[in-house]
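Following: one structure in structure tokens, then a few remarks.
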Amino acid sequence: MTGFADLHIHSTTSDGKLNPAQVVALGKVLDFQCIALADHDSVGGIEEALAAGGEQGVEVLPCVELSTLYNGGEVHILGYFIDWRSAVLLNKLKQIMDCRTERAIQMVDKLGKLGLDVTWEEVASRAGSSFVGRPHIAQVLMDKKYIRELKEAFTEDFIGKNGRAYVERYEINPDEAIEVIRNSGGVAVLAHPGFFKKQLKLDRADIEYLVSRGLQGVEVYHTKHSVEDVQNYKAIAESLNLAITGGSDCHGGNTGEILMGKIKLPYAYVEKLKELR
């Protein structure tokens, strides 16, 4: 089949700005044949996206992006074709989300002790879903005019790494993420190995280790990957016989520019990914 795909998009179910149906509608406008809804640690938007895809004539792949801790840094694993109703997957996601909520509550509490009038009710209301994260706290800080831009919240003065109101997050390791993805019928793919905040890029040895734990693919094409990154990770993926994927990592403008359309993955890669199910 011909056409293009974007296999890495977020919605309001995690930290995106567009709801799942709006994500699909944008994909239709941009003439994508296929998209994947890949929310952080959440599958809550998949049903809505699949229904919208059926109505709009856009193929929607069920997916989840799991955040993991690896060698002191954060590594993300994408799970394509997961059974989003799997008890194994849902139990792990509940554990992650419960810890995420408790973390947000603790950060709000710390902000209060610093004299800032920020309440949990305001943050939860701003989130509008079960997914509550630092971006929602940042939005309330801006609503209250404690900051002028969202990025100011992610500094040492507020909720940036090691900041005055920062709380470390609970994260599983990549082995656990790969295992839960595969046990729920999914295909485990390493997300954007060339882009990790304040962290060195992953190299061949890292990818070989993850392959030994069950990794099946690499996201080669990504909006934060340079031309050199694409060439490097494509060569590694091909040499290790791994699936190649790509996506915009679009958050619907929540982090600035709407990125959908920046990456157009040929549909042939989707067909190869399907062979691994």
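GLU149 exposes around 90 Å² of accessible area when a 1.4 Å probe is run over every protein chain in place. Computed from the C-beta positions of SER125 and ARG213, the FRET efficiency with R₀ = 30 Å rounds to 0.15.
For the range 82-220, the fraction of alpha-carbon pairs lying more than 18 Å apart is 64 percent, rounded to a whole number.
For the pair GLN106 and ALA205, a Förster radius of 41 Å applied to the C-beta separation gives a FRET efficiency near 0.70, rounded to the nearest 0.05. Short-range pairs are left out: with C-alpha atoms under 8 Å and at least six residues apart, the relative contact order of the chain is 22 percent. For the range 104-184, the relative contact order works out to 23 percent when only alpha carbon pairs closer than 8 Å and six or more residues apart are counted.
Computed from label points 7 Å out along Cα-Cβ, the spacing between ARG148 and SER226 is 3.2 nm. On a per residue basis, the chain carries 46 Å² of accessible surface, using protein heavy atoms and a 1.4 Å probe. P(r) for the range 104-184, from all Cα pairs and a bin width of 10 Å, is 18, 46, 20, 13, 2 %, short bins first.
In this structure LYS224 has an accessible area near 120 Å², from a 1.4 Å probe over the protein heavy atoms. From the largest down, the chain spans 57, 43, 39 angstrom on the principal axes of its Cα atoms. Taken about its Cα centre, the range 163-232 carries a charge dipole of roughly 280 debye when the Cβ of each Lys and Arg holds +1 and the Cβ of each Asp and Glu holds -1. Using only alpha carbon pairs under 8 Å that are at least six residues apart, calculate the relative contact order of the range 58-200 and give it in whole percent. That works out to 36 percent.
Taken over the range 1-67, the alpha-carbon convex hull comes to 70 cubic angstrom per residue. Dipole magnitude for the chain: computed about the Cα centre from +1 point charges on Lys and Arg Cβ and -1 point charges on Asp and Glu Cβ, it is near 340 debye. Computed over the range 1-117, the quotient of the alpha carbon radius of gyration and 2.2 N^0.38 Å is 1.24.
To put it simply, the accessible area of the chain at a 1.4 Å probe is 50 percent carbon and sulfur. The orientation-averaged shadow of the Cα convex hull for the range 160-214, equal to a quarter of the hull surface, comes to 4.8 nm². Projected label points at LYS113 and VAL88, each 7 Å from Cα along the beta carbon direction, are separated by 4.0 nanometres. Over the chain, dividing the summed -39,500 (n - 2.57) contributions of all DSSP H runs of at least 4 residues by the number of residues returns a 222 nm mean residue ellipticity of -12000 deg cm²/dmol.
Values of log10 I(q)/I(0) for the range 147-277 across q = 0.12, 0.13, 0.22 Å⁻¹ run -0.58, -0.67, -1.34, by the Debye formula with one identical scatterer at each alpha carbon and no solvent.
The values are calculated or read from the model by the stated rules, or taken from the named source; none is laboratory data. Fair warning: this is a prediction, and the values are worked out from it, not measured in the lab. Glycine also receives a Cβ, built like all others from the backbone with ideal geometry; neighbour counts cover every protein chain displayed. Note: areas computed on protein heavy atoms with side chains; ligands, DNA, RNA excluded. Shrake-Rupley method; radii C 1.70, N 1.55, O 1.52, S 1.80 Å.
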